Amino acid sequence: MNSKVVYIGHSARLDGAERCFLESIRALKLKEVEVIAFLPSEGPLCEKLTAIGVPYHILNFPRWMRKNEISGVKKIKFVLWQFSLVRKFKKKLLELKPDYVITNTVVISPFAAIASKKLGIPHFWYIHEFGDDDHGIQFLFSRKRTGEIIDKYSRKVFVNSNIIREKFQQIISPDKMELLHYAVENEENSNGNVAGNEPSRNDEKLNILLLGRMVEKKGQAEAVRGIAALKQKGYTVKLTMVGGGKSSFKNELKALIQSRGVSEEVEIIDFTSEPMKYLENSDIVLMCSKCEAFGRVTVEAMKKGKPVVGANTGATPEIIKDGFNGKIYVHGDEDDLANKIIYFIDNKDKLQEMGSNARQWALENFNYDVHATKLLKFLNSGSAPNS
């Protein structure tokens with residue numbers, strides 16, 4: 001008899017964590033696992049779930065990580081809301097009779113974990129983010145107390161990188177934690193125009209891409225400074241930075257580009273629904289984020305056969321093997337970043353060599369089969385009576 005999984009997502013948008021959620025469900029479906037999703041609202045993700053035949057339920061639930069501290073009264077209301085949610089979710093679980101329940105991302109409050117525990121259904125938590133370091137959000141209650149709750153009500157806790165494991169094993173039992181990488185299977189391949197334009201390419205220069213939301217912690221400013229340092233050394237390249245973000249930050253970037261004298265070398269493109277075209281059009285990809293919890297863009301670039309130059313922080317060094325599928329630079333050192341780019345300019349044969357290594361390594365290690373096989377193994381081992 002095939003397994004049944006209830007999978008809880010934190011949002012119905014289609015950002016990185018939601019795509020990983022969708023990929024995980026697709027991977028389980030390929031192993032003939034029945035999946036039922038729960039989301040807090042309607043959104044673009046719902047259409048994707050329907051398209052692959054996955055039923056979903058809408059249940060309005062809160063997050064227990066916030067950008068700002070809340071009052072004691074609001075915390076009491078939050079706790080009362082949890083009691084109500086636990087009762088509602090228990091009824092749903094009794095109707096659905098799943099074998100396993102998975103809470104996806106650490107921001108979701110513990111209602112599902114508590115309800116599952118009360119019914120004796122194995123519950124698992126999948127943590128994707130630092131929280132404070134990468135998103136600037138804090139736990140509603142103390143970090144220690146939050147870890148105790150996750151630990152108490154979960155058979156196992158999945159993490160997307162070793163750096164996240166290190167972060168959370170301070171508050172969650174290390175022996176409960178399992179490394180579970182994403183599939184990183186892009187179902188929306190390039191098709192048609194990109195934001196109304198085709199990516200430009202200069203075959204006389206190295207074409208570099210930085211892809212991701214434009215916020216300070218993603219490192220776009222560091223990339224601009226690196227290109228300026230490179231220009232001072234007598235080299236010119238073409239850097240394209242693609243991503244959505246606040247206009248105020250983009251204006252800061254434009255001012256930096258102007259002041260550093262690299263207006264001809266750096267281009268900013270607003271968010272596009274078809275980033276793969278830009279990946280295909282690049283020679284190398286940058287990952288300048290200070291606190292990358294995983295590095296989805298890094299893997300996507302490698303699957304396209306692109307070597308990646310990335311910072312020595314977060315999970316990036318777990319994916320980039322220096323000299324094999326890319327180069328690692330010291331975060332905050334624009335001169336070192338420039339030198340790693342210059343390496344590819346002076347050794348163009350390494351673009352193909354490392355790009356080929358990157359593609360083969362990424363395809364072997366990040367796919368539906370690898371993800372689903374490990375996930376099912378962890379679910380089965382975590383469902384044992386003594387787990």
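Any read-out appearing in this document is the output of simple, stated calculations on the displayed coordinates, not a laboratory observation. It should be emphasised that the depicted structure is a prediction, and the values quoted were computed from it without experimental measurement. Positions of Cβ are backbone-derived with ideal geometry, glycine not excepted, and every protein chain shown enters the neighbour counts.
Things to note:
- When the chain is treated as a Gaussian network with alpha carbon springs shorter than 10 Å, the biggest mean-square fluctuation among ASN160, ASN339, ASN367 belongs to ASN339.
- Within the chain, longest stretch clear of exposed GluC sites (Glu not before Pro) (DSSP loop, no more than 11 other Cβ within 10 Å): 265-387
- Note on GLU32 and VAL79: with the Förster distance fixed at 30 Å, the Cβ-Cβ geometry gives a FRET efficiency of about 0.15.
- Angle of helix 349-365 to the longest C-alpha principal axis of the chain, folded into 0 to 90 degrees and rounded to 10: 10°.
- Dipole magnitude for region 257-387: about 600 debye, using +1 per Lys or Arg Cβ and -1 per Asp or Glu Cβ, origin at the Cα centre.
- Considering only ASN207, ASN162, ASN186, the Gaussian network model of the chain with Cα springs below 10 Å gives its largest mean-square fluctuation to ASN186.
- Positive-end ranking of SER3, VAL297, CYS46 along the dipole of the chain, with charges on Cβ about the Cα centre, is headed by SER3.
- Within the chain: Cβ-based charge dipole about Cα centre, in debye rounded to nearest 20 (Lys, Arg +1; Asp, Glu -1): 1900
- Dipole of region 206-365 [Lys/Arg +1, Asp/Glu -1 at C-beta], most positive-end residue of MET214, SER259, ALA315: MET214
- Axis of helix 16-30 versus longest Cα principal axis of the chain: the two differ by about 60°, to the nearest ten degrees.
- Between the listed residues TYR153, VAL224, LEU180, the Cα displaced farthest toward the positive end of the dipole of the chain, a dipole computed from Cβ unit charges relative to the Cα centre, is found at TYR153.
- Principal-axis analysis of the Cα atoms of the chain puts helix 143-153 at an angle of about 50° to the longest axis.
- Overall dimensions of region 206-365 by Cα: Rg and Dmax, Å: 14.2, 43
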